[in-house]
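I have placed the structure first, in the form of C-alpha cells, so that the comments after it can refer back to it.
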Amino acid sequence: MKLDWQWRLMLAVAGKEFRDRLRNRWVLAVTVVFAAFALLIAYFGGAQSGEVGFRGIEVTVASLTSLTIYLVPLIALLLGFDAIVGERERGTLDLLLSMPLTRAEILLGKYVGLALALTLATTVGFGVAAIPLLKQMGTAGLRLYLNFVGSAVLLGLAFLSIAILISVISRERARASGAAITAWFGFVLVFDLALLGILVATAGRAASTWAPYALLLNPADVFRVLNIFGADTLRNAFGLGTLLPQHWNDPFLLSAVMLVWIVSPLILALWRFR
C-alpha cells in the first residue's frame, strides 16, 4: 500500500511536468521542428548534387542521423538543465520538500514527466514525417526508420538524464545552462574530434582493439553506430566496416549501452540530491 502511494506521488509530479510542457507549447514546437527537418532532408537532402526527391531510406536515415546527433541532445539538455536548480532559485523546491514527497519521488517524477514530453515530441515529429514516405519505404525500409526513431528516443533520454544530473549539482541556473552547453559541445563535437586526432596520431594502429570501446563512452556515438552499422552500404561509406568488429551490429547490445547511459546519470543525480 505504501509502495502504491509512493508511485502515485511520483506520477503526480510527472503529470505536472508533462502538462506544463503541453501548456507552454514546448511539445508542439519541438514536434514541428522534427517533422519539418525530417521532411526537408528526405526530399531536398540531395539538392546540392542536383537531385530532389526521396533517394532511398538508407540515405535518408544517414542524413537524419547526422542531424539528430546535433539536435536531440541539445533539446534534451535545454529541457532538463533547470529541473531542480530552477525550482531552487524560485524558492519552490523548499515548498515541494515540505510536502509528503521524498527527494526520489520529486527527482524521478520530474524526469518521467520531461521524458514523456520529449518522447512524444520525437515520435510524433519523426512519425508525421514518415507518412508521405510510407509507399516508397517498403517493409525493410519501415523497419529501418522505426529503429531510427526508437534510437533517437533513447538518445534524448540519455541526454535528459545528463541534464538532470547537471541540474542537481549546479547551485545557480546560469551555471547549469553553461554546464549543459559545455556538455553538448563535449559529447557532440569535442569527443569525436579528439578520437579522430588520436587515430591520426597513431596512424590507426590497433584501432580495432580500443576504438569500438571508446565509442561506448559517448551516447551520441552509440546512437550513430546503432543507425549506421545495420546497413552494409552505410557502414562501408562511414568507414565503420574496418573499425568495428562484426558482432557490433547487435542492436540489443547497443541498446543496452544506451540504457546504461540513461540510468547511470539518474542514479548519480539521485545520490547527490539526497
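Every number in this text was worked out from the coordinates using simple rules, so none of it is lab data. Bear in mind the structure is a predicted one, so any value in this text is a computation, not a measurement. Here Cβ is always computed from backbone atoms with ideal geometry, including for glycine, and neighbour counts include all displayed protein chains.
Can you put 20, 192 in order of Cβ neighbours within 10 angstrom, beginning with the fewest?
Numbers: 20 13, 192 16.
So the residues, fewest neighbours to most, are 20, 192.
In which sequence would 145, 111 go, from the one with the fewest C-beta neighbours within 10 Å to the one with the most? Please list the in-between numbers first.
Numbers: 145 23, 111 26.
Going from sparsest to densest Cβ surroundings: 145, 111.
Kindly give Rg over Rh for segment 34-186, based on alpha-carbon atoms, with the Kirkwood expression for the hydrodynamic radius.
Details: Rg = 18.7 Å, Rh = 17.0 Å.
Taking Rg over the Kirkwood Rh, I get 1.10.
Would you please classify the overall shape of segment 135-190 from the alpha carbon gyration tensor, given that a ≥ b ≥ c denote the square roots of the eigenvalues, rounded means a/c under 1.5, and beyond that prolate means a/b larger than b/c while oblate covers the rest? Display every interim value, and only then the final one.
Working: a/c = 4.74, a/b = 3.07, b/c = 1.54.
Since a/c reaches 1.5 and a/b is larger than b/c, the shape of segment 135-190 is classed as prolate.
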